[in-house]
Each structure stands twice: as C-alpha cells, then as structure tokens.
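Only the coordinates and a few stated rules stand behind these numbers; no lab work does. Please read these numbers as outputs of a predicted model, since none were measured by experiment. Methodologically, a virtual Cβ is constructed for each residue, glycine included, from the backbone with ideal geometry; neighbour enumeration extends over all protein chains shown.
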Amino acid sequence: MGSLLRELTGEYEAYLRDESHTVGRADWIAFPRTEEEVARVLREAWERDIPVTLQGGRTGISAGCVPHGGVVVSLSRMTRAEGCRALDDGRFSFLLQPGVVLSELGKWVESKRFDTRGWDGESLAAYGGFCRAGEFFFSPDPTERSACIGGMAACNASGARSYCYGPVRDHILSLRAVLMDGRTVALRRGERFARGLDFELPCEDGSVLRGRLPGYAMPATKNTSGYYCAPDMDLMDLFIGSDGTLAALTQVEAALLPLPAFQWCVNAYFMEEGQAIAFVKAVRDSVPKAAAIEYFDGDALNILRRQRAENPAFAALPPVPDGAAAAVCVELHDDDRASIQERLFRLGEQLTAAGGREENTQVARTAADVAALKFFRHAVPESVNMLIAQRKKLDPVITKLGTDMAVPDDRLEEVVALYRRGLAETGLQSAVWGHAGNNHLHVNILPRNGDDYRRGKALYADWARAVTGMGGAVSSEHAVGKAKADFLEIMYGPEHIAGMRALKRVFDPKGLLGQDNLFTKEGN
Amino acid sequence: MRIVVCIKQVPSTNEVRLDPETHTILRDGRQSVVNPFDAHAIEEAVRWKEARGGSVLAVSMGIPAVEELLRDALARGADEAVLLTDRAFAGADTLATSRTLAAGIRRAGPFDLILCGKMAVDGDTAQIGPELAEQLGIPHLTDVDAILSVEEGRVTVSRRGENGPETAQAALPALLTLTREINVPRMPDLTGVRRSLTAPFVRWGADDLDVDPARCGLKGSPTQVVRTFVPRRERETVFLEGAPAQQAAQMLEIVREVLS
C-alpha cells in the first residue's frame, strides 16, 4: 500500500491557514476518506516521527489547525453520514464523519434527505422513523456555518443558542477516534468514567491507556480552555474540546432536538449600554428558557449603520434606530403560541423597566424576519472582518484581536466595566458583541496600525489575568489553539500546564499530534 | 387615503419530501407564511399612510388560520383586517377567488388604491390582481417597482414593461401589483404586536357578501385540476480517480451506460 502523504505544493497553500489569518508551514498533506485511511496516515507519520496537524473546515480563529511543520491531515473529505439511531426519548442521532459541514447537516436534517447508501438495516429502519417523525434540529450554532462537525467537537463549539441548549459537548453521544500510533478508540457517553483523577481507557486492539488527569478546577462558565478535566468524569469528554491534540476524531454521533414550533426573536435597542446590561440581567432572571441573549454595543451598531448605507450587500439589514447605543437580541423558543406571546410581552415590560421603549424593538415572528435578524447578527463579525482586511493591506502585522472570555453571572457588570476602562485608557478602537446571556462578550479591538495592535495584545493579556481572577475562562468557545496558549498559562499556571502535557503523553508519547496547540512542545 | 392590501397564505417551502419507505408526500407541519410579494404590498401601503394619512385595510380569502397572517399585517401597521372565510370559497381558482375578493372589498367600503403582490409564490399565476381590478371595474397597473405620486385623482408609477422601465399613470381608484424591489418590508415592533391583538378584525362568509355561491369556490371555478405529481429527478455525483487515461475510460463507460 502506497503512502497517502502528498507533497504540500503551492496548490495546497490554503491548507496552511485558517480564519485566524496566521500562516503555517508543512511538507506534506493527506486527505483520508475513511477511518482506516486516517489510521494509515497517522501510523506512517508516527513511524517516521513526522508532526501531524489535523484540519476540518479551517474556520477556526485560534490557529488550532495551522500547521507548524510536518503533515497536514485534512479530514474535509470525510463528509458522509454513516448511520442513524433512534433514541429512547423519541429523538434521533446521526453518525457523522468529521468533515460533515454544519450547513450541510442543517439541510439534511431540515429536508430529511440524507445519503443513506451503505447504511445497515438498523440505521435504515431508524432513518425511516426519523423521516416520519416531526421536525428536528441540531442546536449548536457557531456563526460560521461552514465549520465541520469534527472541528466543532475538537473545539467544543457553541454559538448563541448554547445559552439554552449548551455547547456541542452536550449533543455528542459517541465518538470514534484514531490515536497517533494508529490504534482506534470507541467511546459512548455514560459508559466509561475516570476513577477520581485516574483513568483507564481500552483501545479496540485490546491495549489499555492508563493515566492521571490534571487536578485543576474548571471555571463555572462557558469554557473551552484546555482539556475538560474533572474527578470521575466521562472519558468521552476528554476528546471533546481537546484541540486536536489527543486523537483524530473519525466519527461523531450528533443528537438532534425536536424543533420548537415557534422560534421568535426580538431586537431591543437602548440609548445607553447600562440599560442594555440591566435588560440582559432582567431577562435572565425573569423570562424562562430564552434560547439566546445576544448583545451589540454602539460601535457594533455604527458599523452596521455604515454598511447598510454604503454597501448594497447590506441594504436589507433591519434599520438601527437613531441614537441607539446598544442592542440586545433575545431568541425565544416555544411549542405553545400563548406561552411565547406571554413571554414576548414580559420582555416588553422588562425592557421598559430597564429604560428602553417598546417602539425601539424589532420583533421577528416569521421565518423571513428571523432570517433578517440572523443576518443582522452575522453582519457584525462579517463587517469587522472586512474592515480588518482593509487595514491589513496598510500594515500586514494587523489582525483582529477578538476576546473570547466568559465570567460567572454575578460578574457581568464588572467585566463590562473592565473592558470599558481598558478601552478608554488606551484609546483603542473596538466593537463589542456576543453572548451576554453567558457573560461572554467578544471584545474586538480594531487596530489602526502596528502600534495599536501591540497595545491591544497587551490589553488582552491584562484582561485574561483579570477574568481569571473573577473565576472566568480565557477561552469560551473558540478554543485555545496556538493563538491563546499564553492565556491558558495565565489561567491555569505552569503546574497545571505540566499536568496537561503529562495527560497528552498518554495518548501521544512522541508529542507529534497538534503541536503547539494549548501549550508549546516541550523543549521549544 | 384608504388603501386595501390583498394578502395570500402560501406554504413556507416549495420543497416536497417523500417518505423513503412508503414514497408518499410528507407534510412537514411547518407554518404557512404570507406570500413574500404581499409583504412588500403591506409595507408600501403603510408607508403611504404614514406619509399622507388615511388607513390601511388588509384582506385575505382563506381558511380560519389565515387570521394569524392578517394579525401580523396589523402588527406591521395595517389598521383593520377582513378575512373572507367559508367552506363555499374552498377550491377556488383565480377567477372565483377574484369574485369573492371583489365582493369583500365592495362590502368594506370606498377605497383609493388596492395593492397586491405581483404574484403568489405557490401558484405563480399573477392573475388575481388584474382579475380583481376587472371585477371591480377599475384600472390596474402590474409589475410596479415604485409609486411615484398619488395626486389629483391619479397614481403615477414606474413599472417593468416588456421593453424595460416605463412610467405609467392610472385614474383612482386603481389596483397596482408590486414587485419585491419596491421596498424592504419592516419588522413589527412590540407596540405593533400588542395593537394587532385588539385592532378591528372581521370575518365574512358567503352569507355576508353579495355573491352567488355557484360562482365561488370549486363550483365557480372553470379551472379543473386533473392530476398533481412531483416530477422525478435523479442526480448523482461520481468522482473519477486515477490517471487521465483511466478517468477517460471510466467516463466513456458511464456515457455508454446512460446511452444504452
């Protein structure tokens, strides 16, 4: 059998970078199509001591899949659904290869059209049930719909609706993975647990991995900073959010949820940031089961005003009322019309109490309106990326500096004050938006020149320290990758980073997989 | 100025799914929506009302559940709504529908303008607007992408003619059918949603209107549907691998197979 490694020539240049816009280097690239081929590629690299960087959709913004030498293993051609299972509670799950793209999965689920070629009888029977049953959806919704399921699992992606439904971790029922030396592991949720911090994990060839988990306490926030570790944990959780450093995921079983009959969305505009934050807290306390609570500051709204006026591609954006200095977007899901209407009106009361006006709202109750508000939400990061791309032409050192930190519920006002103080003191340009319900705001520093960029980075590191002090997470949904390794050390300290290194050695003794993700390779 | 807007309920998707085992059509239970072209008609009516004063009446013929769509129009700024609903109206083609709509609009009182979407996305006929104008004996202009003025008893519009854009005029009262380019529909605000629950709303059946039941619904429809079916379409993507010569040979094989 020949090698599946191809020389990484110019035509594969795109595989040296991701959405972090950092560019790596690699000598080879491989595009396995099956788990067996993944095992062959990894075993060959292991035997030849070649570092391996795993890739999916290359949509990450933490440089987790940007190679630092060796071979790029792109799982982007493993795009099949391999089976379906009917769950005891009337839901369904699908066994997905890691390269299945989120937007494709969405289409398959919505239209109930999967390519079932090669499925066994049990899967086909379950699939028949799925087609006859009601409607379902896959709840994790990172803004980037071209992300793929393997990458989403590797960084424990979430998105706006994880406020209600949790991150991708909560929706994975089983995994298959290939270790660096080619051994395979199969894990199903609820079947294999650590004993305290010690664990034993059998591989499919009968060998057993034994190790000890680092003893850090994870923050009680949305979190994807380093390995998921807790006493007596389900060992499947080790692989989710492991940033491509422990094993290559070759199959992810994704569970669907019943689609709520009503999905409404309200944009509420405020004249002051403090009013918007007060509204967020009121919604959290008194409007049960909001699916998402998203925030946009005045700078983000100004970017949208400009885009709507100047760029024909954004002309259909809902208009931002004059004077609005902040907006909160609340998504409501419900199966009962009277109930969702009652919750909608309660939102109205809360926003009035917070200092807003019911006239300054946009209520989306139809698919077209919901799509318009989704466009609004997505247009913010998209516009900022366009702005940064323009500035990068003037100074190539410039990239977007976007924070991804979350704090506990009682620290929301404190963290907003921290950001405002830092931005005012440095005079840096910014736009702030994100998942306010989870106290998880993306502060995007928009450097105008190289100096801004350096000062922004320093500010970002200061915030990482302060957020750690509040019991928060330095990375909450984008994962650590290579871009945020320094912050991980700030958050957990050198001792626990050593514990993570030791954990990684159990799975990858040569330290070849996902080099420089989470922490730099020892000795570097 | 009193403006009447006609709206139609259409399925939210035109995708048809089949049960893989029984090969019967799967009803997805997804909500019906207002015909997208009609959403622009509502917006245009509300804009003219806001600019010139007056009121907007939303009218639809359909099943009782269409109330929800009419209430949505009220939330977006319409002032009153009429739902024409009766078993006698069921199964209507465009001719019977336009007769019923005309009767409903006559009963609703005098008006200056009727705005319709240029067509419905389910039937694609674009017939209701012109037929309704003929039933009411008023002029109509189709495919309007801007209303330029409404003054001195005349409406002036720009429309997409067969030879490109043209300016046209009609005496009021008149009926216009609108394209999607005419505006970007707004979203309701919370006060609108609250108002929509209490705004004037009436339901009229065949007995409430001056219509001949034999000229409504299926009975009054000259159009006969003989059969409906989903066209069969099969597509498959095959990636050919190997050296160019091998790929060419595989391609030849596939072409032969298709032609045989």
### Summary
Here the whole-number average of other chain Cβ atoms within 10 Å per Cβ of A:357-368 is 6
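Assign one of three labels to region A:355-434, namely rounded, prolate or oblate, based on the Cα gyration tensor with a ≥ b ≥ c the square roots of its eigenvalues; rounded applies when a/c is under 1.5, prolate when it is not and a/b is larger than b/c, and oblate otherwise. If you can, show how the numbers build up before the last one.
Numbers: a/c = 2.33, a/b = 1.23, b/c = 1.89.
It is oblate, given that a/c is not under 1.5 and a/b is not larger than b/c.
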### Query
Most exposed first by the Cβ proxy, i.e. fewest other Cβ within 10 Å, how do B:ARG232, A:ARG43, B:ARG76, B:ARG154 rank?
B:ARG232, B:ARG154, A:ARG43, B:ARG76
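Given the Cα atoms of chain A, and with Rh set as the inverse mean 1/r over their pairs in the Kirkwood sense, what is Rg to Rh to two decimals?
0.96
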### Query
Of A:LYS281/A:LYS400; A:LYS374/A:LYS482; A:LYS222/A:LYS504; A:LYS281/A:LYS374, which ones are farther than 25 Å apart at the Cα?
A:LYS281/A:LYS400; A:LYS374/A:LYS482
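List A:CYS329, A:CYS155 from most exposed to least, where exposure is judged by having the fewest other Cβ atoms within 10 Å.
In order of increasing Cβ crowding within 10 Å: A:CYS329, A:CYS155.
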#### Entry: Violating pairs (Cα-Cα greater than 28 angstrom) within the set A:LYS457/A:LYS521; A:LYS107/A:LYS393; A:LYS107/A:LYS289
A:LYS107/A:LYS393
### Query
Among all stretches of chain A without exposed GluC sites (Glu not before Pro) (DSSP loop, at most 13 other Cβ atoms within 10 Å), which one is longest?
A:205-521
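Can you give the Rg to Rh ratio for chain B, taking only C-alpha atoms and Rh from Kirkwood?
Taking Rh as the inverse mean 1/r over Cα pairs, Rg/Rh reads 1.12.
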### Task
Taking a cut-off of 13 Å between Cα atoms, list the aspartates and glutamates near A:LYS510, but don't count ones fewer than 8 places away on the same chain.
A:GLU47, A:ASP49, A:ASP181, A:GLU522
## Note on the structure
Fewest-first ordering of A:ASP395, A:ASP49 by Cβ atoms within 10 Å yields A:ASP49, A:ASP395
### Message
Give me the three principal axis extents of region B:42-102 from the C-alpha atoms, as integers in angstrom, largest value leading.
### Response
38, 22, 13
#### Entry: Two-site label geometry, A:ASP335 and B:GLN127: point separation in nm, points 7 Å out along Cα→Cβ
4.2
### Query
Label A:ALA417 and A:ASP285 with points 7 Å out from Cα along Cα→Cβ: what is the distance between them in nm?
1.7
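With an 8 Å Cα cut-off and a minimum separation of 6 or more residues, compute the relative contact order for chain A in percent.
17
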### Message
Let me make sure I get this right: for region A:262-469, a, b and c are the square roots of the gyration tensor eigenvalues over alpha carbons, sorted descending. Under 1.5 in a/c it's rounded, otherwise prolate if a/b > b/c, else oblate. Which is it?
### Response
oblate
### Task
Mind giving me the FRET efficiency for A:ALA316 and A:GLU47? R0 is 60 Å, r the Cβ-Cβ distance, nearest 0.05 is fine.
0.60
### Message
Quick check on the protein assembly as shown: helices-only [θ] at 222 nm, where DSSP H runs of length 4 and up contribute -39,500 (n - 2.57) each and the sum goes over total residues. Nearest 500, please.
### Response
-10000 deg cm²/dmol
### Query
Taking a label point 7 Å from the Cα of A:GLU382 along the Cα→Cβ vector, which residues of region A:106-146 have an amide N closer than 17 Å to it?
A:142-146
#### Entry: Inter-label distance for B:ASP208 and B:LEU259, nm, one decimal - labels placed 7 Å from Cα along Cα-to-Cβ
6.6
### Message
When the expected Rg is taken as 2.2 N^0.38 Å, what fraction or multiple of it is the alpha-carbon Rg of region A:6-74?
### Response
1.04
### Query
What is region A:262-469's relative contact order, in percent, from Cα pairs under 8 angstrom and six or more apart in sequence?
27
### Summary
Bridge orientation stat for the protein assembly as shown from DSSP, antiparallel percent rounded to 5, came to 70
### Task
Using a Förster distance of 30 angstrom, determine the FRET efficiency expected from the C-beta separation of B:ALA248 and A:GLU7, and round it to 0.05.
0.75
### Query
Anyone know which of B:MET187, B:MET61, B:MET119 comes out most mobile in the 10 Å Cα GNM of chain B?
B:MET187
